[in-house]
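Coordinate-derived values only; no laboratory data. Given the structure is predicted, the values throughout are model-derived calculations rather than measurements. FYI the Cβ positions are ideal-geometry reconstructions off the backbone, even for glycines, and counts take in every protein chain you see.
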Amino acid sequence: MASDSTVLSGGTDDRPPLSAMYPRHEQTFPELTPAEIGRMRRFGEVRHYNDGEMLFETGKPGPGMFVILSGHVAITQRDGLGHITPVIDQGPGQFLAEIGQLSGRVALVDGHAEGDVETLLIPPDRLRALLVAEADLGERIMRALILRRVHLIQGGVGGPVLIGPPNSANLIRLQGFLTRNGCPHHLLDPASEDAADLIARYTPSPQDLPLVVTVDGRVLRNPGESELARAIGMIGGIAMDKLYDVAVVGSGPAGLSTAVYAASEGLSVAVVDAR
């Protein structure tokens, strides 16, 4: 396991210890034993990466959970303005994923190999199967996935950048939408140098504010919630070739319980909701 003295990618050894950065460090970044990794091998396949090669990239669908067998992987956060913030360096016995990998959502961080790396890659469907089949191990993994997402949200570093007056109703609307959906983001003062250049280029009128800069550099002018969701990979295109047994409209308590019950009976379920 990476120790408290681990140097983060691009950082120096004067950073605070990991125990201070992550109060629940042992639960957030647990180390798997060789026996536990052995039990996981039937759910994945071994993948090799060369020095500097990307395992996953911000804003692109994550391939699943990586268990590091050898080597080290640097994790960093990146926002739409090109700012890169080191997160952590993980090594043998640790796994790379957060809660979004259960459903193949886009990655919220970058991960690149530091030297040659060997991993066990477990795709989303096999990861869900692992959590069910290996209950005790699955509980530890699930707790870590949740804690990592919480840290990313609280850090407010990566993800889309919102630019606009802090008292703007549309800015508050978009911020609320991202917060409700657990999507890391941060606000940028319109008076700052980074924001001023973008505003001058993309906002010919006040109605175009707020601007949203996605992690791939796209700039949206006062987008609606659906437009923003699609831009950041929260929702994708409809699978036109798939036939569902049940469609549930509305994902409140009744809708979700209906969907879970139907799925537990072996039915293929689609759930749609306005937000």
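Values for this structure:
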| read-out | value |
| --- | --- |
| The chain: relative contact order as a whole-number percent, Cα under 8 Å and 6+ apart | 17 percent |
| Residue with peak Gaussian network fluctuation, the chain [Cα springs, cutoff 10 Å], from ASP208, ASP136, ASP216 | ASP136 |
| GluC sites (Glu not before Pro) restricted to the range 224-272 and DSSP loop, no more than 11 other C-beta within 10 Å | GLU265 |
| Fluctuation leader among ALA262, ALA200, ALA229 - the chain, Gaussian network, Cα springs under 10 angstrom | ALA262 |
| Kyte-Doolittle mean at least 0.0, axial Cα span of 15 Å or more - DSSP H helices of the chain | 135-155, 169-180, 253-264 |
| Cα gyration tensor shape for the range 43-154, rounded if a/c is under 1.5, else prolate or oblate | oblate |
| Prolate/oblate/rounded call for the range 44-93, Cα gyration tensor, a/c under 1.5 rounded | prolate |
| Shape category assigned to the range 155-233 from the gyration tensor of Cα positions, a/c cut at 1.5 | rounded |
| Euclidean distance between Cα centres, the range 42-109 to the range 219-275, Å | 26 Å |
